[in-house]
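The values are calculated or read from the model by the stated rules, or taken from the named source; none is laboratory data. Keep in mind that what you see is a predicted model, and the values were worked out from it rather than measured. Positions of Cβ are backbone-derived with ideal geometry, glycine not excepted, and every protein chain shown enters the neighbour counts. The accessibility values were calculated without ligands, DNA or RNA, using every heavy atom of the protein model including side chains. Shrake-Rupley method; radii C 1.70, N 1.55, O 1.52, S 1.80 Å.
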Amino acid sequence: MPAHVDLHNHLRKLRAERPLHLTLLDPGKSDTTTIGSMAHSAAQAGTDAILVGGSTGLSLERVDAAVLEIKEQTHLPVILFPTVALAVSTKADAIFFMSLLNSSERRFLVGEQIESAATVHRSGLQPLSMAYIIIEPGMAAARVGKATPLPRNDPQPAVAHAMAGELFGMRYIYLEAGSGANAPVPPTLIAAVRDAIRATLIVGGGIRTADAAAAAVGAGADLVVTGTVVERASMIKEELQPIIGAVHAY
Ligand code: 1GP
């Protein structure tokens with residue numbers, strides 16, 4: 001996507017028409033060529049943007065190479081979804097500049113962010129401020145981020161975290177069940193958070209079917225993220241299309 005485009009505005013305009021689907025690609029799990037072909041297929045299936053990130057095995061070299069390859073293979077916006085400052089690639093269009101609100105470690109609340117701030121400032125990466133909130137089961141994101149996942153059957157803690165994120169001025173709130181979760185964030189929890197905030201609501205983790213994607217947008221998600229479904233698919237375009245279709249159809 002052209003460098004001068006305001007991605008926040010672009011997403012906002014698209015969202016005014018329909019919810020959005022984002023594909024998460026993890027350079028810690030897949031090599032550069034595989035990432036490129038996954039991005040190509042996801043673009044053909046109609047995804048709206050590519051997120052690049054992961055919890056383990058990331059280096060700047062791997063993230064840079066992945067971003068460049070995605071840009072080679074697609075015209076989609078590329079947004080970094082970083083865990084650590086050292087993996088902040090300046091080749092992307094934007095960065096979810098995020099705080100893991102239920103982490104018990106300063107490093108994931110503000111430390112990595114302080115470390116990467118000068119790079120982000122210099123880079124031309126568009127910062128998209130985000131409150132990252134991990135819900136049970138949480139998976140590697142919770143383990144690596146030193147977060148006790150919030151309960152999935154009691155919406156109140158998640159609502160309070162989301163409200164705090166919005167009061168901080170964060171424009172995006174991400175409810176994360178963790179990559180590979182056996183169940184996604186429950187629709188009742190999504191709906192409770194939706195009712196409490198006006199910020200753009202992102203939901204991901206454990207969404208692998210069109211029904212699950214439809215349930216997330218039906219409950220109020222603006223953006224739905226899937227990752228594992230692409231990594232595991234034998235025919236990415238065919239398997240991703242119904243999920244994206246369910247998101248776009250709402
Ligand atoms: C993880 O929410 C994302 O950060 C995606 O999760 O891999 O389970 O789709 P899945």
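The table below gives the values:
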| read-out | value |
| --- | --- |
| Cα gyration tensor, the chain - rounded (a/c under 1.5), prolate or oblate | rounded |
| Placed amide H near Glu136: partners under 5 Å, 5+ positions off or other chain | Leu150, Arg152 |
| For the chain, calculated [θ]222 nm from helices alone, where every DSSP H run of n ≥ 4 adds -39500 (n - 2.57) | -13000 deg cm²/dmol |
| Per residue accessible area of the chain, 1.4 Å probe, in Å² | 43 |
| Non-local Lys pairs in the chain, i.e. 8 or more apart or on different chains, that have alpha carbons under 29 Å apart | 11 |
| Geometric extent, Cα atoms of the stretch 125-250 - Rg, Dmax (angstrom) | 14.0, 43 |
| Relative packing of peptides 184-197, 118-131, 39-52 - highest average C-beta neighbours within 10 Å first | 39-52, 184-197, 118-131 |
| Relative packing of 71-80, 23-32, 233-242, which averages over residues the other C-beta atoms within 10 Å, highest first | 23-32, 71-80, 233-242 |
| Residue-count net charge about Arg171 - beta-carbon cut-off 13 Å; Lys, Arg +1, Asp, Glu -1 | 0 |
